[in-house]
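Worksheet: the structure to be examined is printed underneath.
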Amino acid sequence: MTEQRILSDEERTRNRIERLVRQLGPRRGSLVENVLMFGAILRRRKIDVTTGRTLDALESLTYVDLFNREDFYEALRSNLVSNQADTEKFNRAFEDFWIPLAIAEGDAPGESEGFDPRKNEQEGEGEGENQKSSDQQIEIEAFLDEDEADDGGDEAEDTPGFSAEEVLRAKDFSNYTDEDVAKVRKLIAKIAPKIATKLSRRTKPDRDGPIVDLRRSMRSSLKYGGDILELARRERKRKKLKLVMVCDVSGSMDVYSRFLIQFIYGLQREIKNVETFVFSTRLTRITELFKRKELTQALSAMSDQVADWSGGTSIGGALREFNEGPGKGLVDGRTVVVVISDGWDRGDPAVLEHEIAQMARRCYRLIWLNPLLGSPNYQPLCKGMQAALPYTDFFLPAHNLDSLADLARTLETISAA
Amino acid sequence: MLPEAAIEAPTFEHIYFNRNIDAPRGQSERFSSLPRNTGSRSAGGNLLLGSIDEIQAALREHTYIGDRALATTLFLASSLRKPILLEGEAGVGKTEVAKVLADILDTNLIRLQCYEGLDASHALYEWNYAKQMLRIRLESDQSASDDVHSIEHSLFSEEYLIKRPLLEAIMSPKAPVLLIDEIDRSDEEFEAFLLEVLSDFQITIPELGTIKAKHRPFVVLTSNRTREINDALKRRCLYLWIPYPSYERELEIVMAKVPGISETLAEQVCAFMQKVRTMDFYKRPGVSESLDWATALVLLDRDELDVETVEATLGTVFKYFEDIQKVKGEKLKELVDSVA
């Protein structure tokens, strides 16, 4: 009687590799190693490659003519790349790794077709953009790797007392001390999840809800010979909202954006549907960063980079970049867009108006957060702000924690509507 | 078994000096004698494609004009039994791939059109409540067995089951092509659900038990890239980006698919479209628009483009008011002049 042992993942992988080595033939053992190495190189270049996929790539090679470089390339690419944006990186890695190998092997350049993977690429506008922003992200991440945040210390601290907390909540971000920063992070961590659960709840059985749950009603009707005497109900479907934040992190906004983004960071952990972008001279998507790293350092890095940009930024230009790029796919009738900026626009106010109008048309609600609203004497006199105001649904301050709580309440109201 | 250290820190010298791929050039014959996997169409409903060349030929035969990359990816998908994810702009022919594939493999095309809010009941199955209720009434009128359980048992049988595309694919007597169209329009929850189904093609219906597919479907997913798809799902698939065609390729397509079109007109239409795609529009037109437009022009008995005709037929190319406005007037004249 044979015993069926459940193989561990490692054993299965090993068996598979052995099988592939056999399939490829006695001389090809090194091909296996080379492909695995190639997979590792791709991973270092930030292409999402798992062992499983690398093995699939290897298996694919058993089906193609290894001497046809085009097919060889395709066999690897189709398994190892999942994104049009990654294809450029893959092509470079492919050239760096396999071409020298082939040449060293004695494959004269004249013999093969001189296959250039880049020829297959049609550079669309969108593709180029993605490449640039993902390059930027890599820069940011590289910076983060060097300067890992030391988060451990906070745990033991007591949370501030009641009145101290109140004072802190009213304090303008620009007046924060380092100590305040640490405390505020705790508070944000407290507020954000509560909002998040409210925003993302789906329907559940509810005795007094307005929607009839047909399935459950049916089952209970069997008791009564098919007459529906009891109606099982579900509560009203909450509008499942997407949140898109577009945040100005240029010089003037520096101090505020840190906290606002900290808040979003807290939200993002709980809500799945938050996308975050920042802009100073150009637009960068930072949604992915949130999922992994401590963000304050990243923001320092970014604002350092634009340290010489005093005054303002071209908000209109950034919004245009958003609308024509990621905005197209993201913003629809279920999206709440939050623009965070003080409105100091260096560019053409007509552009700002055009872009904000378009955004307002496409989204469900448009919220503009302006830290300057915290100051009681503020009047939105600058051209940028004036141009944008008519199109916004909510114009709110964003200068301290209380205002963040207000934002949270507004979001709640919107989602319940 | 594998040198871990080597994998961790490869340098190019390391690769050069440790290279063991020792096939000197001109020795490809030696490798043609290696055991090689060649797919073959086997009985029993398993879908396998012969070879990359065969597929290319078959695609051409069915007037789908694509490049070798597509043929290769399809071949690998069938050999490895992996689903295929086709990404690209709207209208480049992603959905058509699945249709042509079903023709080539001589099997059914089962289509699941995704949309926001799509959930398991719309994708997998639902009970036919109305029919069930009627049956209950009939039973109670005939005062047959009062046994609730036996009635319940017969009510939740295959007869009362509405099979939606995924279940259809699983229960199909012959391996089908399962097209999951525009997966980017669904949401993450659905993707997670789909991932489960795609991994073993087996689902459990509480009242009926576990149903396992006899024949694995050939799965094609398409996406217009309006949203990033879940990584886990992407990793499961072979990936191919389908770009807008080049001028030459589009010309081939138009000539093949629009019977009776004059070559001049086809050339002009394609040149026009190439130019249009370099401009900024809310929705850039794809190949399907080129074909619609070309067909319309042929119906209007045109041999070449002129401004009036183009203006009248703009609706086949652009589907948004703002886009049409952008191109009307001077701009249109410019465009037509440049290609005529």
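The values are calculated or read from the model by the stated rules, or taken from the named source; none is laboratory data. Remember, predicted model here, so these are calculated numbers, not experimental data. FYI the Cβ positions are ideal-geometry reconstructions off the backbone, even for glycines, and counts take in every protein chain you see. Just so you know, the surface numbers come from the protein's heavy atoms only, side chains and all, with ligands and any DNA or RNA stripped out. Shrake-Rupley method; radii C 1.70, N 1.55, O 1.52, S 1.80 Å.
Okay, here's what the table says:
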item	result
Residue list for the stretch B:207-227, filter: open to solvent by 40 Å² or more (accessible area, probe 1.4 Å), closer than 23 Å to B:Ser121 by Cβ and touching a Phe, Trp or Tyr at 6+ places or on another chain (Cβ under 9 Å)	B:Glu207, B:Leu208, B:Lys212
Selection status of A:Ala408, surrounded by fewer than 16 Cβ atoms within 10 Å (Cβ to Cβ) and either in contact with an Asp or Glu (Cβ under 9 Å, 6 or more places away or on another chain) or of a type in the set (A, V, I, L, M, F, W, C) (or both)	no
Elements of type helices (runs of 4 or more DSSP H) in the stretch B:231-312, at least 1 residues being more than 13 Å from chain A (Cβ to nearest Cβ) and surrounded by 20 or more Cβ atoms within 10 Å (Cβ to Cβ)	B:247-257, B:263-278, B:287-299
Sole exception among (1) out of contact with any strand residue (DSSP E or B) (no Cβ under 6 Å at 6 or more places or on another chain); (2) under 20 Å from B:Pro217 (Cβ atoms); (3) open to solvent by less than 20 Å² (accessible area, probe 1.4 Å); (4) within 14 Å of another protein chain (Cβ to nearest Cβ) for B:Leu85, by number	(1)
Where B:Glu96 falls short, out of the listed (1) within 27 Å of B:Leu251 (Cα to Cα); (2) more than 14 Å from chain A (Cβ to nearest Cβ); (3) surrounded by 22 or more Cβ atoms within 10 Å (Cβ to Cβ); (4) not aliphatic (A, V, I, L, M)	(3)
Residues within the stretch B:313-324 that are of a type in the set (Ser, Thr, Tyr) and either open to solvent by less than 80 Å² (accessible area, probe 1.4 Å) or in a helix (DSSP H, G or I) (or both), tallied	2
Unique match (being over 22 Å from B:Leu74 (Cβ atoms) and in contact (Cβ under 8 Å) with a residue 40 or more places away in the chain) among B:Leu179, B:Leu161, B:Leu195	B:Leu161
Test for B:Arg227: is it of a type in the set (Lys, Arg), touching a residue at least 60 places away in the same chain (Cβ under 8 Å) and on the phi < 0 side of the Ramachandran plot	no
Flag for A:Arg285 being at pLDDT below 65, open to solvent by 50 Å² or more (accessible area, probe 1.4 Å), within 13 Å of the chain's Cα centre (by Cα) and not acidic (Asp, Glu)	no
Candidates B:Ile170, B:Ile162 - the one that is outside any loop (DSSP other than H, G, I, E, B), away from every other protein chain (no Cβ under 14 Å) and over 18 Å from B:Leu59 (Cβ atoms)	B:Ile170
Entirely in the stretch B:1-112, the helices (runs of 4 or more DSSP H) that have 1 or more residues that are at pLDDT below 50	B:4-8, B:12-18, B:28-32
Flag for B:Arg68 being in contact (Cβ under 8 Å) with a residue 24 or more places away in the chain and farther than 26 Å from B:Asp292 by Cβ	no
Unmet criterion (only one of (1) open to solvent by less than 10 Å² (accessible area, probe 1.4 Å); (2) of a type in the set (S, T, N, Q); (3) in contact with a strand residue (DSSP E or B) (Cβ under 7 Å, 6 or more places away or on another chain)) for B:Thr204	(1)
Residue among A:Thr62, A:Thr51 that is modelled with pLDDT of 85 or more and surrounded by fewer than 18 Cβ atoms within 10 Å (Cβ to Cβ)	A:Thr51
The stretch B:207-236, residues that are out of contact with any strand residue (DSSP E or B) (no Cβ under 6 Å at 6 or more places or on another chain), under 24 Å from A:Ile47 (Cα atoms) and of a type in the set (Lys, Arg)	B:Arg227, B:Lys234, B:Arg235, B:Arg236
Count of the stretch B:200-230 residues which are farther than 21 Å from A:Gln84 by Cβ and more than 14 Å from chain A (Cβ to nearest Cβ)	16
